[in-house]
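Enquirer: Mind having a look at this structure? Questions to follow.
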Amino acid sequence: MRQKGVLWLTLFLCLIFLGGCWDNKDLERRALVLGAAVDLAAEGGRAAEPWKITLEMPILRRMVARGGGGGGGGDGGQGDDTMPTWRLTLTGATFAEAINKGATRSERTLFFGHQKIIVLGEELARRDALQSVLDWWTRNRESYVAINVLLAEGDAAAIMEGRPEFARSVSMFLNDEMQQVIKTTRFVKHSLQEVLVAIDAGEDILLARVKVLPDGKPQVAGTGVIHRGRLVGWLSPEETQAALWITGETKGCDVLVVPVPELDNVFSLEFCKIKPEIKPKMENESLSFEVKIEFNGRIAEKMGNPGILKAGDLQLVEGKAEAVITERLQQVMSKLQRQYRADVLGFGRRIEKKWPHRWEGMKEQWPQIFAGIPVTMQVKVKILGTGLVS
């Protein structure tokens, strides 16, 4: 009986101490931050308060009023001119100070446990080391390292003023867009953790670019080139595709448009299997790289001449595709090597893995060395299917 009493006492104490978080706040007392846009203050940042942060938070009663499920409302997310969110802009000498000022503007406690994205403004990303800019999020106990990081073309705050067609907040739109990497290689998806790991290791990295189109709709396409922790330039969506073909970071199928004048056709080729191989070579103390990529796919579309493909036509299409791809690869390699000197393709890592002692002697001068390394491209395209019509 005594043991039974001890058991009941233990269960009673568990109910008291484990029934909820000791610092739990009711939902009505929290302002849930979905996204943060980070910029320099006006005119490059004032001396006293150089940082500006714009937070997007849902107004829950408006969210409910708009109805619908998932990312959009029943009226397509645009039933009226008012988005069901609140944008709060704060400035400060540091981000911690700026966010702390939120208590003077909001009767609810800012809560970052549901934050989905961070958008970094272009001017800020070019001028300041991202590791320092992102430091507050790495230390905040409410944040989590899976937050998506994007680069704005222009001011990040302007992105938060976008009007997505279906999503009920810009932050949710951007978060949903990041899941589209399984359908396209026209941008990349990187979390806060991945960005910080790369920067800590001294590696260059690509980050997704977001901008607002003239019609007010936000668009995620292309990438920003981060070299030594700062933005040095942009890659177009097509250049981003080529870069990811080299690194093998494609997560789904990709479509390539290939004109074939000899057949009076334009083909859309869908590649669901892309196998890159990057080999560093050293001959007579001269370093070079050989890149081989195999594309396996099918014909997804044929426009123009309605005639049936004949024997040998597939080889012609494959040859044209190889020429288009090779040109794309050479274009992005030239831009990364000569214009940006940014090894976002991870060539340096391959040298470090194969010749660690050699790497120790060249890593400090790697941007300069990388800019002049010869890179040869070998592309092989195999069309394994032609669809229902052959």
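Enquirer: Would you work out if the chain is rounded, prolate or oblate? Take a ≥ b ≥ c from the square roots of the eigenvalues of the alpha-carbon gyration tensor; rounded if a/c is under 1.5, else prolate when a/b is larger than b/c, oblate otherwise. Intermediate values should be presented prior to the final figure.
Expert: Details: a/c = 1.83, a/b = 1.55, b/c = 1.18.
Since a/c reaches 1.5 and a/b is larger than b/c, the shape of the chain is classed as prolate.
Enquirer: Share of antiparallel DSSP beta bridges in the chain, in percent to the nearest 5?
Expert: Values: 53 of 77 bridges.
The answer is about 70 percent antiparallel.
Enquirer: Counting only protein chains, not ligands or nucleic acids, how are 362, 172 ordered by accessible area (probe 1.4 Å), most first? Provide the component values of the computation, followed by the final result.
Expert: Values: 362 30, 172 60 Å².
Most to least solvent-accessible, the answer reads 172, 362.
Enquirer: Taking the alpha-carbon centroid of each part, what is the distance from segment 244-263 to segment 271-345 in angstrom?
Expert: Each part reduced to its Cα centre gives a spacing of 8 Å.
Enquirer: Cα-Cα over 31 Å: which of 281/320; 279/382; 211/380; 335/380; 116/292; 354/380? Walk me through the numbers before you get to the answer.
Expert: Values: 281/320 29 Å; 279/382 22 Å; 211/380 35 Å; 335/380 23 Å; 116/292 37 Å; 354/380 25 Å.
In this structure, 211/380; 116/292 exceed 31 Å between Cα atoms.
Enquirer: Sticking with this one: Using a/c under 1.5 as the rounded threshold, could you call segment 216-256 rounded, prolate or oblate? The axes a ≥ b ≥ c are square roots of the C-alpha gyration tensor eigenvalues, and prolate needs a/b larger than b/c, oblate otherwise. Before the final figure, lay out the partial values.
Expert: Numbers: a/c = 2.29, a/b = 1.18, b/c = 1.95.
Judged from the Cα gyration tensor, segment 216-256 comes out oblate (a/c at least 1.5, b/c at or above a/b).
Enquirer: Give a quick list of trypsin sites (Lys or Arg not before Pro) in segment 284-383 that DSSP marks as loop, anything other than H, G, I, E or B, with at most 12 other Cβ atoms within 10 Å.
Expert: Numbers: sites: 292, 298, 302, 310, 320, 328, 335, 338, 341, 349, 350, 353, 354, 358, 363, 380, 382; in loops: 310, 341.
Those satisfying the criteria are 310.
Enquirer: If each DSSP helix of 4+ residues adds -39,500 (n - 2.57) and the sum is divided by the residues in the chain, what number results at 222 nm, nearest 500 deg cm²/dmol?
Expert: Working: 14 runs with 121 residues, N = 390.
One gets -8500 deg cm²/dmol as the mean residue ellipticity at 222 nm.
Enquirer: Scanning the chain for helices, which whole DSSP H stretches are 20 Å or more long along the axis (Cα) and average -1.0 or more by Kyte-Doolittle? Provide the component values of the computation, followed by the final result.
Expert: Values: long enough: 2-18 (24 Å, 1.51); 313-334 (32 Å, -0.04).
For the chain, where a helix must reach 20 Å along its axis and average at least -1.0, the hits are 2-18, 313-334.
Enquirer: Same structure, new question: Once fully extended, how much extra length lies between residue 286 and residue 272, figured as 0.36 nm per residue of separation less the alpha-carbon to alpha-carbon distance?
Expert: On the way: separation 14, 0.36 × 14 = 5.04 nm, distance 3.57 nm.
Length difference between fully extended and current span is 1.5 nm.
Enquirer: Using a cut-off of 13 Å between beta-carbons, work out the net charge of the residues near residue 196 (Lys and Arg +1, Asp and Glu -1, residue 196 not included). Don't skip to the end; give the middle numbers.
Expert: Numbers: positive: 139; negative: 135, 194, 200, 203.
Net local charge, residue 196 excluded: -3.
Enquirer: What aspartates and glutamates sit close enough to residue 310 to cross-link, taking a C-alpha to C-alpha distance under 15 Å and skipping anything fewer than 8 places away on the same chain?
Expert: Partners within reach: 262, 264, 318.
Enquirer: List the aspartates and glutamates whose Cα sits under 16 Å from the Cα of residue 101, skipping any in the same chain fewer than 8 residues away.
Expert: 49, 56
Enquirer: Leaving out ligands, DNA and RNA, what percent of the accessible area of the chain is carbon and sulfur, probe 1.4 Å?
Expert: Numbers: 10450 of 20160 Å².
After summing per-atom areas, the C and S share lands at 52 percent.
The values are calculated or read from the model by the stated rules, or taken from the named source; none is laboratory data. Just so it is clear, the model here is predicted, and its values are computed rather than measured. Neighbour counts are summed over all protein chains in view; Cβ atoms, including those assigned to glycine, are modelled from backbone coordinates with ideal geometry. Just the protein is used for accessible areas: all its heavy atoms, side chains included, with ligands, DNA and RNA removed. Shrake-Rupley method; radii C 1.70, N 1.55, O 1.52, S 1.80 Å.
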